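The values are calculated or read from the model by the stated rules, or taken from the named source; none is laboratory data. None of these values were measured; they are calculated from a predicted model. So basically every Cβ, Gly included, is an ideal-geometry build from the backbone, and we count neighbours across all protein chains shown. We work out accessible area using only protein heavy atoms, side chains counted, and drop any ligands, DNA or RNA first. Shrake-Rupley method; radii C 1.70, N 1.55, O 1.52, S 1.80 Å.
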Amino acid sequence: MPALVLLGAQWGDEGKGKATDLLGGSVDYVVRYQGGNNAGHTVVVGDQKYALHLLPSGILSPGCTPVIGNGVVVDPAVLLSELSGLNDRGVDTSKLLISGNAHLITPYNITVDKVTERFLGKRKIGTTGRGIGPTYADKINRTGIRVQDLYDESILTQKVEAALDVKNQLLTKLYNRRAIEAGQVVEELLGYADQIKGYVADTTLILNDALDQDKVVLFEGGQGTLLDIDHGTYPFVTSSNPTAGGACTGAGVGPTKINRVIGILKAYTTRVGAGPFPTELFDKDGEALRTIGGERGVTTGRDRRCGWFDAVIARYATRVNGLTDFFLTKLDVLTGWEEIPVCVAYEIDGKRVEELPYSQSDFHHAKPVYENLPGWSEDISKAKSFSDLPKNAQAYVKALEEMSGAPISAIGVGPGRNETIEINSFLS
Ligand code: GDP
Ligand code: IMO
Ligand code: MG
């Protein structure tokens, strides 16, 4: 079972960090393939809690080589502070590999992200303000700065100057901000070069060699399927491809190498930032999910919007990712409800719709069609096997599995590594 993709099946924060860390002990490489430090992945190991943004969650497993693939956007200041934070806590980060083709998040792109959002006013996306969108835009515009450019001062200077020629027009004339000095940016970037150099590698070659030698490689997605630039709720999305295909382009590995695609799926739904969310709750149930589930963003500290499970979205995630399995997380959070509504379809203009509409206008006014499933009140956090779960919790999982279109192979009943019920091994 050499190559697995692990990705978010909803709008992010499904528990990818925990799931990756869980598998990290049994895999050789964990690869981030897209996104940047907009991600916030929480990993709980014993009584220690780690919040990772840019680094792959496999960094906490000693035998595993963490890789930042070419599809990731790297803020060098964040990279170094995350590394030193882990080193201070005794985590060995020396095995990290970073693709020389990954793009750098520059200070001016962080500025552009923030001022663009401010300019959009109430039409804003609600980005994390980390410069993600503008950095991917530069990549596509062929004006981006790559990690490898740090090692050629003349190229770096030319590229920063060329990028700022245009950005400064925008910043000064449209957004009424001060121009940014190319020389200062170059100096700042060069200041990171030596500190990062030891990690920079031809990651595509290394990963393909590893796969040829039957090593196990896990591709860890950031964000989630509905935040995908192509398949998500555009324009309320991030600027990369968290969906399964992104693992191939973002790491330089062919689709024929991928054996398993695991969708991380929360037992209810959350979303941070703006955009449509059919099952969103504005009542005491929404507040209860937020409180019990600890639904506060790891990156921005914003409260997450909360709602019931949406099977239409789960089915869509199965379809666009070719999911082979689900890892259902946070089932424990649902303990205590007498009945749990699950969205099984939408009503759009008086018609029942079973699949996610491709039209954003339709999706914006989709109303959830609910089925109520019986709840349970027993504490499930100590459950070790499926049969340990109360009958109604078992039925809830089985119902979700049936509606979502792929087997649920693991269930999270708490944040810790061992608070997991494994049904089918992901590595067999
Ligand atoms: P990610 O971005 O997908 O890695 O998810 P986040 O780390 O942003 O958010 C998931 C949160 O849920 C974290 O605080 C995790 O520690 C926590 N978590 C993960 N799995 C479970 C679970 O099964 N039960 C509970 N109660 N918490 C979980
Ligand atoms: P993890 O990996 C949840 C959301 C932002 C915003 C939109 C665009 O922890 O699941 P961006 O800064 O990427 O341009 O913002 O995407 N967003 C996330 N929401 N979890 C994440 O990551 C997210 N990363 C970005 O809130 O709505
Ligand atoms: Mg998160």
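Miscellaneous remarks
- Measuring between alpha carbons in the structure, the pairs from Lys215/Lys382; Lys18/Lys398; Lys95/Lys159 lying more than 28 angstrom apart are Lys215/Lys382; Lys95/Lys159.
- Once the 1.4 Å probe is applied to the protein heavy atoms, the chain comes out at 41 Å² accessible per residue.
- Surface accessible to a 1.4 Å probe, Arg305 within the full protein complex, Å²: 50 Å²
- Anchor Lys122: lysines whose Cα lies under 24 Å away (excluding residues fewer than 8 positions away in-chain): Lys114, Lys167, Lys173, Lys367
- Solvent-accessible area of Asp283 with every protein chain in place, 1.4 Å probe, in Å² to the nearest 10: 70 Å²
- Of all DSSP-defined beta bridges confined to the chain, some 40% are antiparallel rather than parallel.
- Under the simplified labelling scheme, the Glu371-Lys284 pair shows an inter-label distance of 2.8 nm, with each label point 7 Å from Cα along Cα→Cβ.
- Sites Asp230 and Asp379 - FRET efficiency at Förster radius 45 Å, r taken between beta-carbons, to 0.05: 0.60
- Using a Förster distance of 51 Å, the FRET efficiency for Gln195-Glu402 (Cβ separation, nearest 0.05): 0.50
- Gap separating the Cα centres of region 344-384 and region 130-154, nearest whole Å: 40 Å
- The calculated FRET efficiency for Gln184 paired with Thr300, based on their beta-carbon distance and R0 = 45 Å, is about 0.95.
- Cross-link partners of Lys351 among aspartates and glutamates, defined as those whose alpha carbon lies under 16 angstrom from its own and excluding same-chain residues fewer than eight positions apart: Asp362.
- Sorting Ile68, Ile229 by accessible area puts them as Ile229, Ile68; the probe is 1.4 Å, largest comes first, and only protein heavy atoms count.
- Its residue count N fixes a reference of 2.2 N^0.38 Å for the chain, and the Cα radius of gyration divided by that reference is 0.98.
- Share of carbon and sulfur in the accessible heavy-atom surface of the chain [1.4 Å probe, %]: 50 percent
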